[in-house]
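Here is the structure we will look at.
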Amino acid sequence: MSISSFVQEDIDEPPSLATLPTDSATTVQNSNSFPVSQLSHQFRSIHFPMATDEQWNDWKWQVRNSFTSFESLEQILTLTDEEKGFKEQALNLPVRITPYYASLFAYKESLYPLRKTMVPVLDELVITPGEQSDPLHEEADAPVPLIVHRYPDRALLLVTGFCSAFCRYCTRSHMVSKKDKMHAGTVQIKQALEYIRQHTEIRDVIISGGDPLTLSDERIEFLLSSLRAIEHVEIIRIGTKVPAVLPMRITDKLLSILKKYHPLFMSLHFTHPDEMTPESHEACCRLADAGIPLGSQTVLLKGINDDVSVYRKLTHELLKARVKPYYLYQCDPIPGSAHFRTPVEKGIEMIEQLRGFTSGYAIPHYVIDAPGGGGKIPLLPEYYQGKENGQVVLKNYEGKLFYYPDKE
Ligand SMILES: *Cc1c(COP(=O)(O)O)cnc(C)c1O
């Protein structure tokens, strides 16, 4: 069965459609209480001179005013030939960038990391051996639509194909954002919940997508309360990039909902230290203050965060915002991803250069999500060097050898 057969149904229209409130009807949320960084302020005064603080800080305004075409990107960037090349081509994964996130790279050169994660380049057309559109074989692990049940005690619940910003290296680019694959319909959601209800071994549900925090507050509350009502579901997790690309989504109203369904964990997607703006920092701190343990999942990306000093800075910025670096992922081999992928040795080297040199809390698990549905497989530098005369030989972070008297 397909996990990605989202259909449009009653409750939720995707926020990109005309059902959103018009500007005049926009509700004012946390006006003045959200910081606006210098870059964003400057960008807004040039490109959205009519927008008020209230509008800029309204997440629905951000979604409605997102950049979704080359024509609109040309208004804010001098596109290179590599970027412009796509103008006439059909994109596998559409462009979608919030004005907030665009403001972080609008005045930067084409090789600037945040720009590279969002603006497509012709390299996306280069398909190299081994690349697949669903490398993790999630479709095969979908017993009913919207559920991926690969591990014994936990399952993914993919509630939407919509994100407020599309990362060019997205592992689910085959299922996100297709017209008929936006927010999942009620019938499918209820079916998926029923599957979880019947599978009493599932003690951990990860709500993902797409980005679940692009759903309405009401829909999020419906999902959380339905899951909480299932006795064997011990913990609930939400996977989201919203704190990095749409931080103003973390409203008081949303927090008051999230707080009711503890234990609730969140996996955030951060890629580069420059994403940790005053806005994103505030969003993370609000979530942490709501009692939500925060982890970050980062994809290792060539020319973006594959320099250990850049990645270390990211881990430090995350910890300052009370986010624990959780996973560092080897980039999945989706079609056209070669320009993003690093050799596997690179990831091992990154871990080697972190362990011992910075807080243990800053060190993620480096994993490859095995193509073909093998799940996450951790990779470590070779600290364990084998056994000698009943002693375990260990290599420390400085490369020195130590011996541990092992028990028989
Ligand atoms: C990553 C993932 C999980 C969660 O894995 P953890 O190691 O528990 O964070 C669950 N199911 C699938 C299919 C996954 O890809």
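Just so it is clear, none of the values below were taken in a lab; they were calculated from the coordinates. Predicted, not measured: the structure shown is a model, and the values here were computed from it. Here the Cβ is made from the backbone with ideal geometry for all residues, glycine too, and neighbour counts use every protein chain on show.
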(message) Can you compute the modelled spin-label distance between Asp123 and Asp204, with each label point 7 Å from Cα toward Cβ, in nm?
(response) 3.3 nm
(request) Mind computing the radius of gyration and Dmax over the alpha-carbon atoms of the chain? Å is fine for both. (result) 21.7, 78
(message) How much of the DSSP bridge set in the range 139-378 is antiparallel, in percent, rounded to the nearest 5?
(response) 20 percent
(message) Taking 0.36 nm per residue of sequence separation and subtracting the Cα-Cα distance, how much length would be gained by fully extending the chain between Glu54 and Thr186, in nm to one decimal?
(response) 44.4 nm
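What fraction of the DSSP beta bridges in the range 159-274 is antiparallel, stated in percent and rounded to the nearest 5?
On the way: 1 of 10 bridges.
Among the beta bridges of the range 159-274, antiparallel pairing accounts for roughly 10 percent.
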(request) Return the lysines within reach of Lys84: Cα separation strictly under 22 angstrom, same-chain partners fewer than 8 residues apart disregarded; answer none if there are no such residues. (result) Lys108, Lys116, Lys302
(message) For the range 297-358, which chymotrypsin sites (Phe, Trp or Tyr not before Pro) pass both filters: DSSP loop (anything but H, G, I, E, B) and at most 15 other C-beta atoms within 10 Å?
(response) Phe357
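Ignoring the sites themselves, what is the longest stretch of the chain with no trypsin sites (Lys or Arg not before Pro) in a DSSP loop and at most 12 other beta-carbon atoms within 10 Å?
Working: sites that count: Lys179, Lys400, Lys407.
With a cap of 12 other Cβ atoms within 10 Å, the longest stretch comes to 180-399.
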(request) Rounded to whole Hz and in sequence order, give me ³J(HN,Hα) for the range 354-362 from the Karplus expression 6.51 cos²θ - 1.76 cosθ + 1.60, θ = phi - 60°, writing x for Gly and Pro. (result) 9, 4, x, 8, 8, 3, x, 5, 7
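Taking 35 Å as R0, compute the FRET efficiency from the Cβ-Cβ separation of Asn396 and Lys346 and round it to 0.05. Walk me through the intermediate numbers first.
On the way: r = 22 Å, r/R0 = 0.62.
Plugging the Cβ-Cβ distance into 1/(1 + (r/R0)^6) gives 0.95.
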(request) Identify all aspartates and glutamates with a Cα-Cα distance to Lys400 below 19 Å; exclude those on the same chain that are fewer than 8 residues away in sequence. (result) Glu349, Glu352, Glu382, Glu388
(message) If I take R0 = 60 Å and measure r between the Cβ atoms of His232 and Ile46 in this structure, what FRET efficiency does the formula 1/(1 + (r/R0)^6) give, to the nearest 0.05?
(response) 0.70
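Please go through the residue pairs Lys320/Lys407; Lys324/Lys376; Lys320/Lys346 and name each one whose alpha carbons sit more than 30 Å apart in this structure. Each step should come with its number before you reach the end.
Numbers: Lys320/Lys407 41 Å; Lys324/Lys376 18 Å; Lys320/Lys346 26 Å.
As for pairs spanning more than 30 Å Cα to Cα, those are Lys320/Lys407.
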(request) Determine ³J(HN,Hα), in whole Hz, for all residues of the range 269-286 in sequence, where each value follows from phi through the Karplus function 6.51 cos²θ - 1.76 cosθ + 1.60 and θ = phi - 60°; x replaces Gly and Pro. (result) 10, 10, 10, 8, x, 5, 6, 7, 7, x, 5, 5, 4, 4, 4, 5, 5, 4
(message) To check you understand DSSP bridge types, tell me what percent of the beta bridges within the chain (both residues inside) are antiparallel, rounded to 5.
(response) 35 percent
